[in-house]
Every structure is written in structure tokens, then in C-alpha cells.
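Trainee: Below: one structure in C-alpha cells.
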Amino acid sequence: MNFIFLFNKNNFFKLLSKSLFFMDVENWEEKLAVLRSGVVPASKDDFKNALISAVAKLVPDERFGVLLSGGIDSSLIAFLCKQRTDNFVCYSVGLEGSPDLAAAEFVADHFSLKLKTRVISSDEVPSLIKDVVSVLRSPDVVDLGVGCVCLAAGRLAEADGVRFVFSGLGSDELLAGYSSFLKTDDVQQEAWRRIFGVVKDVKRDVALAGALGLDVLFPFLDFDVIKTAMGLPPDLKLKAEHKKFVLRLIAEDFSFPEEIVWRRKKAAQYGSGFDRIISGLAKQNG
């Protein structure tokens, strides 16, 4: 039996035939351990099919959102959603001159996606940080940066009246998207370490979305996607300087333009520009 994961209010839920069943977050490591024992070698096409299936089964019967940064993972999610329906809107936020905003606009224009954006002024960031802290209580610097992006984009979705938003969380953990993968001799072991620890980031994003009445859909955390991803050889995850290499190959299969396929994406807090403001505020406050 296959479960597609939706996350809400600090707990895992599994979505099966449009019904919700409670699953305690503490079972994550146990479930992954069982899954790990059953991993078998997988190909690019195996992974592509698993991702297509995960997105298709998560697409709601109502209008929904996609958090679009213009990176390869969120662009693929938006593209796959478009294969199923036009009843969704993409959301992207950033400071003036944000690379992510420009990339999201390029993706939306190329694939004729509905996109809503918001340029955040530097004067708005302190208030946004306070709102993130009020939800997360004691976030670290990374959580602050990512949290600002999540909260600002989530507010666009909230204003639209949507209840569900797709997120690309999980792709970096599974497919060597972090710089730590460049420093390890064992890509697979680092991927397992990352995916076992992804619960912290899930809780962060779900808490922020939940504060706005939103539920988050994570196709990269579908168990079939995880199992297939962990069956991929390391050179389909990291190829020379290209992280998440398999996603780029899949994007080529779908005739994505090179500007999307080979874009070197920074983490959300950097690509949006929030890191600069947060760093400056930290220095001002000692």
C-alpha cells in the first residue's frame, strides 16, 4: 500500500484515497528504517515515474498553490501539476533584485503558469522576522531566513483563499542538493542522514503554514519517491558541479529550456535576498 504525505500541525498525516489518517511524527525514523531495508537499484526513469505519481496523487480537487522559487525541483512540481490541471497558482517572494523572483517569473512565463509575486522591502523584514519567531519560538539563523520566505509566500496563498500548497522540501536531502554532499566520500550515507533529519524542517514549514490555515504537500517525501531516490547511483545525484543531476535530466526529458535545467540555485534564504537583511540586522544588534 502506498501513502502520499501531507503534513499538518506538527504531525504527519498520510493521504490515501482523499482520506486523512493520523500518523505520529515519532514514527518517521522507524518507517524510514523499514523502507531503507527494501531499497533496490533504480534508474532515472524509475525516479521520474515515482515523482510523477506522487504529484498526481497529491493534486487536490480544489484550487491550490505551488511555492515556486524557479529552482529545478519547484519548477518540476509546477510543470507536473500543469499536466493535471490549470486550477492552481504559483507564489514567489523576495527582496528587490532577488534571483529567485526573476527565475520564477521566467518559469511561469515559459510554461504559462499563473504566478503571484511580492517584492518585500528591507523595511518589512524586521516585522516579518518577529512574526516568524512568534510561530517558531526559537529559530536559528537558517530557520529565520527560510521562515521569512515561507511566511511571506504563504500569506499570498492565504489571501487567495487556497488551503493546500506544494513544496519541494526533500529534494535537497535525497538528491545531493546541499554543499555538504560536495565534501563527503559517501553521497548515499549523507542522503540518509539528511532525510532522517528532515523532520525538523518539515515541522518548521508546517508550523508557519499552519499559522495561516494552510496544509503543505511534499511530493519528494512520498515513500515511493524516497525509496526510488535512494536506489539511484550517486552519479545521478551529483555530477561534477551539478547537484540534483537526475532532476535536470528529467527536466530535459520534458524539454525544459536550458536556463531552467542548468540554473545554479541557492538556498531559499539566499536566492530571495533575506539573508543579507538578516545578517545586517544581526550585526546592528551585536
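The values are calculated or read from the model by the stated rules, or taken from the named source; none is laboratory data. Since the structure is predicted, the reported quantities are computational estimates derived from the model, not experimental observations. Quick reminder, even Gly has a Cβ in these numbers, built from the backbone with ideal geometry, and neighbours come from all protein chains shown.
Trainee: Given the options Val125, Val132, Val66, Val59, name the one that is of a type in the set (A, V, I, L, M, F, W, C) and over 21 Å from the mean Cα position of the chain (by Cα).
Mentor: None of the others qualify; the one that does is Val125.
Trainee: Counting only residues that are under 23 Å from Gly145 (Cα atoms), in a loop (DSSP other than H, G, I, E, B) and out of contact with any Asp or Glu (no Cβ under 7 Å at 6 or more places or on another chain), how many does the stretch 40-96 have?
Mentor: Of the residues in that region, 3 qualify.
Trainee: Now for a separate question. Quick one: Leu101 ticks every box in (1) part of a helix (DSSP H, G or I); (2) farther than 26 Å from Glu258 by Cβ; (3) not small (Gly, Ala, Ser) bar one, so which box is it?
Mentor: Unmet for Leu101, out of (1) part of a helix (DSSP H, G or I); (2) farther than 26 Å from Glu258 by Cβ; (3) not small (Gly, Ala, Ser): (2).
Trainee: Take Leu169 and decide whether it is touching a residue at least 40 places away in the same chain (Cβ under 8 Å), under 30 Å from Ala240 (Cβ atoms) and in a loop (DSSP other than H, G, I, E, B).
Mentor: In short, yes.
Trainee: Okay, moving on. Do you know which of the residues in the stretch 111-164 that are among the β-branched types (Val, Ile, Thr) and surrounded by fewer than 20 Cβ atoms within 10 Å (Cβ to Cβ) is nearest to Ile260 (Cα to Cα)?
Mentor: The selected residue is Thr117.
Trainee: Given the stretch 176-277, what helices (runs of 4 or more DSSP H) lie entirely inside it while holding 1 or more residues that are under 30 Å from Ala33 (Cβ atoms) and modelled with pLDDT of 95 or more?
Mentor: Of the helices (runs of 4 or more DSSP H) lying wholly inside the stretch 176-277, those with at least 1 residues that are under 30 Å from Ala33 (Cβ atoms) and modelled with pLDDT of 95 or more span 187-196, 199-210, 223-229, 245-253.
Trainee: Same structure again: Pick from Val125, Val132, Val119, Val149: which is under 24 Å from Leu76 (Cβ atoms) and either touching a residue at least 12 places away in the same chain (Cβ under 8 Å) or part of a loop (DSSP other than H, G, I, E, B) (or both)?
Mentor: Val149
Trainee: Given the options Asp86, Asp140, Asp100, name the one that is closer than 17 Å to Ser171 by Cβ and among the charged types (D, E, K, R).
Mentor: Asp100
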